1. How many nm is it between the label spots at Asn109 and Ser80, if each spot is 7 Å from the Cα in line with the beta carbon?
2. Give the angle, between 0 and 90 degrees and rounded to the nearest 10, that separates the Cα long axis of helix 80-108 from the longest principal axis of the Cα atoms of the chain.
3. Relative to the Cα centre, what is the charge dipole magnitude of the chain, using +1 at the beta carbon of each Lys and Arg, -1 at the beta carbon of each Asp and Glu, and rounding to the nearest 20 debye?
4. Report which label in (i) 69; (ii) 34; (iii) 27 holds the value of percent of Cα pairs over 24 Å apart derived from the coordinates of this structure.
5. For region 74-141 and region 40-64, write down the distance between their C-alpha centroids in whole Å.
6. What angle do you read, to the nearest 10 degrees and between 0 and 90, between the alpha-carbon axis of helix 115-139 and the longest principal axis of the chain?
7. Note the count of lysine pairs whose C-alpha atoms are less than 17 angstrom apart in region 2-139, limited to pairs 8 or more residues apart or on different chains.
8. If you line up the long axis of helix 41-73 against the longest principal axis of the chain, both from Cα atoms, how many degrees apart are they, to the nearest 10?
Amino acid sequence: MTIIIILKFIHYLAIVFSGGVLVGGGVIQSVYAKANQIPDLNTAKILKLLGYIGLISLIILWISGIILSINLYGGFIINSAFTIKIIAAGFLLGLSAFVNFHVFNSSKNNLPPNKTIMKIATMSGRGLLIIVLIAAAIAFY
């Protein structure tokens, strides 16, 4: 029972980190986008770090979630809402990996990340996060 509590704590902590990074990074990017400016070098480094933290937290979220799902429910076949949650979370993980790869390549080439890609990714990430949270609330009602 103690391992379940520890895993749930880790899972919830990863949710807070990934959500905070998604919102915080999005706010920083939107401020620069509205001003039609490119983030300075320090801000770009912060955004890059936030991206890595977000990706790591999503991976931890997946690992802890898989272990919890197997231990508590015997697998992933819980209900339709959980299936939707898993699919949306998978897209969110893929999106995070893609954005991190894009930002890494941009910084390696000393170029700013593509504004259009970042804007679409930020909006998509927010939407996917909402779907994941709503589906989770329904799945575990």
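FYI, it's all coordinate maths here, none of it is from the lab. No experiment lies behind these values; they were computed from the predicted model shown. Cβ coordinates were reconstructed from backbone atoms using ideal geometry, including for glycine residues, and neighbour counts include every protein chain displayed.
1. Those two pseudo-labels are separated by 4.4 nm.
2. 30 degrees
3. That gives the chain a dipole magnitude of about 240 debye.
4. Recomputing percent of Cα pairs over 24 Å apart here gives the entry labelled (ii).
5. Spelled out, the Cα-based centre of one part sits 13 Å from the other.
6. Around 20 degrees separate the two axes.
7. Working: Lys8/Lys85; Lys34/Lys115; Lys34/Lys119; Lys45/Lys108; Lys45/Lys115; Lys48/Lys108; Lys48/Lys115; Lys48/Lys119.
Close lysine pairs under the 17 Å cut-off: 8.
8. Its long axis makes an angle of about 10 degrees.
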